[in-house]
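Nothing in this text is a laboratory measurement; each read-out follows from the coordinates by a stated rule. Since this is a predicted model, take the numbers as computed values, not measurements. Note: ideal-geometry Cβ built from the backbone for every residue, glycine included; neighbour counts use all protein chains shown.
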Amino acid sequence: MNAAGLFQITRPANAVAAGLTAGVAYFIATATLVPAVLLLFFVVVLITAAGNVINDYYDVGIDRVNRPDRPIPSGRVTLRAARAWAVTLFLAGILLCIPTNRICLAIAVFNAFLLVLYAAWLKRLPLVGNLAVSYLAGSMFIFGGALDGLPGMLRVLPFAIMTFFAMLSRELVKDAEDIEGDRASGAVTLPIRYGIRATAILALASAILATLASLVPYSWWGPGYLAGIIIVDGMILAACLQVLRCTTPESVKASGASALLKAGMFGSVAVFALSALFL
């Protein structure tokens with residue numbers, strides 16, 4: 001068993017970023033931090049890591065074309081080991097969530113189920129899989145706010161909505177990049193069915209909705225927040241505008257739009273956290 005491969009397949013940076021997002025969400029909702037936030041962090045890290053593993057398990061055919069260096073197609077992790085590792089991480093995350101509250105536990109169980117369903121089936125359906133991933137990204141804010149109950153969930157709703165639409169934009173752009181591998185695996189994604197141009201238009205529309213949602217906290221945090229979030233919004237919109245000029249998967253990859261969208265999303269969490277801390 002390749003320990004380095006098992007670690008890499010969890011995509012630890014993404015898992016940790018998701019865990020931090022849940023902590024930021026609780027801080028936004030309450031302006032405080034409590035020891036239970038550490039539980040939230042580890043629950044999200046474990047379940048996100050499990051989702052990454054099970055995604056690679058089902059995506060082995062696609063990854064042999066698009067990302068042959070990943071642990072499973074490269075032979076560093078077997079399918080059997082990946083399956084067992086995913087189950088272990090899912091169970092650990094759910095068990096760790098039990099001491100929080102019923103809302104958090106329900107979200108954790110539902111998200112774990114959705115991650116498996118997405119990897120096994122939903123991601124091969126046009127737009128449905130993209131919507132599932134976008135919900136999962138936005139739900140990190142809902143999960144963090146839920147530790148404070150319904151008031152906390154309502155407080156973080158604008159951030160969840162912004163993240164949902166920003167992630168939807170990135171998912172659509174990634175699908176446009178991965179047309180060849182998706183087609184080879186039998187997946188029917190939006191760009192395969194309707195083309196890159198239509199996908200790029202929908203990605204831009206989602207980015208605009210994300211931008212509009214991001215402006216809501218201005219009424220709480222004022223000009224300082226606006227100055228930071230405008231930069232992030234500009235990155236997200238610029239990335240989608242670049243894809244509008246693309247006609248092939250190769251040109252979408254060369255545009256760097258996916259990386260710019262990812263940077264914008266990480267930047268938005270930083271702006272949220274700094275605003276909650278200082279404004």
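Rounding to the nearest 20 debye, state how big the charge dipole of segment 131-251 is about its Cα centre with +1 on each Lys and Arg Cβ and -1 on each Asp and Glu Cβ.
The calculation lands at about 220 debye.
Assuming 0.36 nm per residue, please report the length gained on full extension of the stretch LEU212 to LEU131 beyond their Cα-Cα distance.
Between LEU212 and LEU131, full extension yields 27.3 nm more.
Taking the dipole about the Cα centre of the chain, with the C-beta of Lys and Arg at +1 and of Asp and Glu at -1, give me whichever of PRO71, MET153, LEU274 is farthest to the positive side.
PRO71
How big is the charge dipole of the chain about its Cα centre, in debye rounded to the nearest 20, if each Lys and Arg gets +1 on its Cβ and each Asp and Glu gets -1 on its Cβ?
320
Work out how much length ARG245 to LEU274 would gain on full extension: take 0.36 nm times their residue separation and subtract the Cα-Cα distance, in nm to one decimal.
7.0 nm
How large is the charge dipole for segment 1-148, taken about the Cα centre, if only the Cβ atoms of Lys, Arg (+1) and Asp, Glu (-1) carry charge, to the nearest 20 debye?
Computed charge dipole of segment 1-148: roughly 360 debye.
Kindly put LEU147, LEU244, LEU204 in sequence by how many other C-beta atoms sit within 10 Å of each C-beta, fewest to most.
LEU244, LEU204, LEU147
Can you classify the chain as rounded, prolate or oblate using the Cα gyration tensor, where a ≥ b ≥ c are the square roots of its eigenvalues, rounded means a/c under 1.5, and otherwise it's prolate if a/b beats b/c and oblate if not?
The shape class here is oblate.
Along the Cα-to-Cβ line of LEU95, 7 Å from the Cα, sits a label point; which residues in segment 46-71 have backbone N less than 15 Å from it?
Output list for this probe position: 46-47.
Classify segment 1-148: rounded, prolate or oblate, from the alpha-carbon gyration tensor (a ≥ b ≥ c, eigenvalue square roots; a/c under 1.5 rounded; otherwise prolate if a/b is larger than b/c)?
Note, shape of segment 1-148 comes out prolate.
For ALA36 and VAL109, what does the FRET efficiency come to when R0 = 22 Å and r is the distance between their Cβ atoms, rounded to the nearest 0.05?
For ALA36 and VAL109, the calculated efficiency is 0.80.
Between segment 248-275 and segment 80-149, how far is it from one alpha carbon centroid to the other, in angstrom?
For segment 248-275 versus segment 80-149, the Cα centre distance is 23 Å.
Between ALA238 and ARG64, how high is the FRET efficiency from 1/(1 + (r/R0)^6) when r is the Cβ-Cβ distance and R₀ = 35 Å? Nearest 0.05.
Using R0 = 35 Å, I get an efficiency of 0.60.
Is the shape of segment 209-279 best called rounded, prolate or oblate, per the rule: a/c under 1.5 gives rounded, else a/b larger than b/c gives prolate, else oblate, with a ≥ b ≥ c the square roots of the Cα gyration tensor eigenvalues?
In terms of gyration-tensor shape, prolate.
For the charge dipole of the chain, defined by +1 on Lys and Arg C-beta atoms and -1 on Asp and Glu C-beta atoms about the Cα centroid, which residue among ALA25, THR10, CYS97 has the Cα displaced farthest towards the positive pole?
Of the candidates, THR10 comes out farthest on the positive side.
Evaluate E = 1/(1 + (r/R0)^6) for ALA198 and ALA13, where r is the Cβ-Cβ distance and R0 equals 45 Å; express this FRET efficiency to the nearest 0.05.
After rounding, the FRET efficiency stands at 0.90.
Taking the beta-carbon count within 10 Å as an exposure proxy, list TRP121, TRP221, TRP85 from fewest neighbours to most.
TRP121, TRP221, TRP85
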